[in-house]
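The values are calculated or read from the model by the stated rules, or taken from the named source; none is laboratory data. Because the structure is predicted, anything quoted here is derived from the model rather than measured. No Cβ is skipped: glycine too gets one built from the backbone with ideal geometry, and neighbour counts run over all protein chains shown.
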Amino acid sequence: MRITVLGCWAPYPAAGGACSGYLLQDGGGNILLDAGHGTFSRLVQFIHHCDLRAAVITHLHPDHYVDLHCLRHATAAGLREKHRWRKVQLFLPSEPLHIFEEFSACTDAFDVVPIESLPEEEVSPGIKARCGSVGPVRLFFLPARHNLPAYSVGVEGSGYFVYSGDSAPTEELTALAEEAGIFLCEASGLDKDAEFLRGRHMTARQAGTLARQARVKELIITHFYPEYDLSVLKAEAEAGFGGTVELATEGDTYFLY
């Protein structure tokens, strides 16, 4: 399994950067995890857009979905010009309804799968998630604690990878992330931001603490406010984790076996 960082900033990108977006490659398929501002141009630096099989949108805030518009036009053109032979399978929440309906209407590019329509499965004692698949890769969608309907995502393939999406810390997310080979977790703020972020996001220290409790093998933090010194975020995450933490870096690829 390969995870490539396309963008790591929020709610707007740093100069020359992009917002949330990651390319996951496993089981012979390419899956886009989130599609924030600027991620499409980064995506096509690594693969041709016609080779993208599926896209997963964790929630419908612009810094996580807005480049779906780029993907829609590219996919429709690829199908029309016979460079692509199937639509992109698009997993996304069904709320806010007006945004969901906008992409559901893009039948020239997407096969839309509302996450809420997927079957439920117990992924840990007492913890249920919606379950889907892209080829041999299984996807587990756990409701996140955010200010819009949102999901954290577990990916089971040649390894086990968990992406927090945007979420405050929860026991359910800790259970989903348990013993993950890589845990890609938002770290939206510093200790001083804890009250401002409460119920919507995590501080870097909270991300580290959750990862420690989940006994993850590797923690990579992401979703950075562009005005912050990332070395301070890293230090606070490491204090919570009790070990070395990686900063998501645009263009870097992480491997999981």
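Once region 220-257 is narrowed to residues that are assigned to a loop (DSSP other than H, G, I, E, B), among the charged types (D, E, K, R) and in contact (Cβ under 8 Å) with a residue 24 or more places away in the chain, the residue that is surrounded by the most Cβ atoms within 10 Å (Cβ to Cβ) is Glu250. Within region 37-52, being among the small types (Gly, Ala, Ser) and part of a helix (DSSP H, G or I) holds for one residue alone: Ser41. Selection over region 137-153 of residues that are surrounded by fewer than 23 Cβ atoms within 10 Å (Cβ to Cβ), under 20 Å from Gln89 (Cβ atoms) and in contact (Cβ under 8 Å) with a residue 40 or more places away in the chain gives a count of 2.
When the test is whether a residue is under 20 Å from Asp26 (Cβ atoms) and modelled with pLDDT of 95 or more, Phe183 passes it. If the condition is being farther than 22 Å from Val162 by Cβ and touching a Ser or Thr at 6+ places or on another chain (Cβ under 9 Å), then region 180-199 contributes Leu190, Asp191, Lys192, Asp193, Ala194.
Residues of region 128-186 that are assigned to a loop (DSSP other than H, G, I, E, B), under 21 Å from Thr4 (Cβ atoms) and of a type in the set (A, V, I, L, M, F, W, C): Ala180 alone.
For Gln25, which of the numbered conditions (1) farther than 24 Å from Glu227 by Cα; (2) touching a helix residue (DSSP H, G or I) at 6+ places or on another chain (Cβ under 6 Å) fails to hold? Of (1) farther than 24 Å from Glu227 by Cα; (2) touching a helix residue (DSSP H, G or I) at 6+ places or on another chain (Cβ under 6 Å), only one is false for Gln25: (2). If I filter region 8-34 down to residues being out of contact with any Leu (no Cβ under 6 Å at 6 or more places or on another chain) and hydroxyl-bearing (Ser, Thr, Tyr), which single residue comes out as nearest to His49 (Cα to Cα)? Within region 8-34, the match that is nearest to His49 (Cα to Cα) is Ser20. Filtered by the rule that a residue be surrounded by 24 or more Cβ atoms within 10 Å (Cβ to Cβ) and either among the acidic types (Asp, Glu) or farther than 26 Å from Leu230 by Cα (or both), region 155-175 gives Val155, Asp166.
For region 195-214, taking the residues that are farther than 9 Å from Ala168 by Cα, surrounded by fewer than 24 Cβ atoms within 10 Å (Cβ to Cβ) and not β-branched (Val, Ile, Thr), the one that is farthest from the chain's Cα centre (by Cα) is identified as Glu195.
For region 11-36, what are the residues that are in a loop (DSSP other than H, G, I, E, B) and buried (at least 23 other Cβ atoms within 10 Å of the Cβ)? Ala18, Ser20, Gly36, listed by residue number.
Output the residues belonging to region 18-36 that are touching an Asp or Glu at 6+ places or on another chain (Cβ under 6 Å) and either of a type outside the set (Ser, Thr, Tyr) or over 18 Å from Leu148 (Cα atoms) (or both).
Going through region 18-36, the residues touching an Asp or Glu at 6+ places or on another chain (Cβ under 6 Å) turn out to be 19-21, 30, 35-36.
Hits for region 18-36 are Cys19, Gly21, Asn30, Ala35, Gly36.
Among the β-branched types (Val, Ile, Thr), in a loop (DSSP other than H, G, I, E, B) and surrounded by 24 or more Cβ atoms within 10 Å (Cβ to Cβ): does that describe Thr75? So Thr75 fails the test. Would it be correct to say that Arg130 is among the basic types (Lys, Arg) and either at positive phi or surrounded by fewer than 17 Cβ atoms within 10 Å (Cβ to Cβ) (or both)? Here the answer is no, as Arg130 does not meet what is asked.
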